[in-house]
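One structure is given below, encoded as structure tokens.
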Number of protein chains: 2
Amino acid sequence: MDKINVAEKFSLFSEHWSPKIAGELNGQMVKLVKFKGPFVWHHHENEDELFYVVKGSFDMHLRDKVVTSKEGEFIIIPRGVEHKPVAKEEVEIMLFEPASTLNTGNIENELTRKNLLRL
Amino acid sequence: MDKINVAEKFSLFSEHWSPKIAGELNGQMVKLVKFKGPFVWHHHENEDELFYVVKGSFDMHLRDKVVTSKEGEFIIIPRGVEHKPVAKEEVEIMLFEPASTLNTGNIENELTRKNLLRL
């Protein structure tokens, strides 16, 4: 049982759109991910997802609006809601979501990541 | 569905040891709390707890060691593990834990908080 330094964990990888596991509790995971550019529209059938911005900012596209979040802000996307994150510049995000959550939700394509690395 | 600015939410209250609800997902809650001074030894029978430091630093006393966490660091306390947070100076903490979690765990005393305010 030790503390986790989030910035230090972010320094261990550089790829985008590939969440890594930084912690686990109550069947939920804390994942760290770097976004850059546009992701794919998707939703999660059974999982709500929290995006907390550690560094930078990004736009969460929803079907009816765009929500920009910057450092120290978070947004929760409820299950079933279509969303598409877009980051003009690289952004560092801490995710809080069920262990079962797949990054591309209902879509499987070249961006899908399974068997996530533990930092 | 909108973003939450954590610093802005922290500016809405000043009391210590009284968690407020900032978000909810998957039966879990995001709570914001300010610590100052020593808390009480306790554990949670069925809940793991995550403490993420937004501002300041604090010591988590465990029965066999003390772990100091500062801004941008988090510590997860698994269910059943006795712990006692102590903050020399005021610290701002974001908690992730099940909605059912009581701040004083197995102890009920004057520090116990039920019916948490939603920010």
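The values are calculated or read from the model by the stated rules, or taken from the named source; none is laboratory data. Here the structure is a predicted model, which means the values were calculated and not measured. Because the Cβ atoms are built from the backbone with ideal geometry, glycine has one as well, and the counts that use them run over all protein chains shown. Just so you know, the surface numbers come from the protein's heavy atoms only, side chains and all, with ligands and any DNA or RNA stripped out. Shrake-Rupley method; radii C 1.70, N 1.55, O 1.52, S 1.80 Å.
With the requirement that a residue be touching a residue at least 40 places away in the same chain (Cβ under 8 Å), farther than 17 Å from B:ALA7 by Cα and within 11 Å of another protein chain (Cβ to nearest Cβ), what does the range A:51-89 give you?
Passing the criteria: only A:HIS83.
Just to be sure I understand, how many residues within the range A:24-44 are without any contact (Cβ under 8 Å) to a residue 60 or more places away in the chain and either among the acidic types (Asp, Glu) or over 23 Å from B:PRO98 (Cα atoms) (or both)?
Counting residues in the range A:24-44 that are without any contact (Cβ under 8 Å) to a residue 60 or more places away in the chain and either among the acidic types (Asp, Glu) or over 23 Å from B:PRO98 (Cα atoms) (or both) gives 5.
Among the numbered conditions (1) away from chain A (no Cβ under 12 Å); (2) modelled with pLDDT under 95, tell me where B:ASP2 comes up short.
So the condition that B:ASP2 fails would be (1).
Looking only at the range A:33-55, decide whether some residue is open to solvent by 60 Å² or more (accessible area, probe 1.4 Å), modelled with pLDDT of 95 or more and within 16 Å of A:LEU116 (Cβ to Cβ).
no
Take the residues of the range B:22-32 that are among the aliphatic types (A, V, I, L, M) and either open to solvent by 10 Å² or more (accessible area, probe 1.4 Å) or not in a strand (DSSP E or B) (or both): which is nearest to the other protein chains (Cβ to nearest Cβ)?
B:ALA22
Residue check, A:GLU47 against (1) under 13 Å from A:LEU102 (Cα atoms); (2) more than 14 Å from chain B (Cβ to nearest Cβ); (3) in contact with a Ser or Thr (Cβ under 8 Å, 6 or more places away or on another chain), all met but one. Which one?
If we test A:GLU47 against (1) under 13 Å from A:LEU102 (Cα atoms); (2) more than 14 Å from chain B (Cβ to nearest Cβ); (3) in contact with a Ser or Thr (Cβ under 8 Å, 6 or more places away or on another chain), just (2) comes out false.
Within the range B:1-17, which residues are within 14 Å of the chain's Cα centre (by Cα) and open to solvent by 10 Å² or more (accessible area, probe 1.4 Å)?
Selection gives B:GLU15, B:HIS16, B:TRP17.
Can you tell me which residues in the range B:56-84 are open to solvent by 30 Å² or more (accessible area, probe 1.4 Å), over 21 Å from A:ASN26 (Cα atoms) and within 13 Å of the chain's Cα centre (by Cα)?
Hit for the range B:56-84 is B:SER57, nothing else.
With in contact with an Asp or Glu (Cβ under 6 Å, 6 or more places away or on another chain) and of a type in the set (Lys, Arg) as the only criterion, which of B:LYS31, B:LYS9, B:LYS36, B:LYS84 stands out?
The conditions single out B:LYS36.
Among residues belonging to the range B:5-21 that are assigned to a strand (DSSP E or B) and in contact (Cβ under 8 Å) with a residue 60 or more places away in the chain, point out the one that is farthest from the other protein chains (Cβ to nearest Cβ).
Filtering the range B:5-21 for residues that are assigned to a strand (DSSP E or B) and in contact (Cβ under 8 Å) with a residue 60 or more places away in the chain, the one farthest from the other protein chains (Cβ to nearest Cβ) comes out as B:LYS20.
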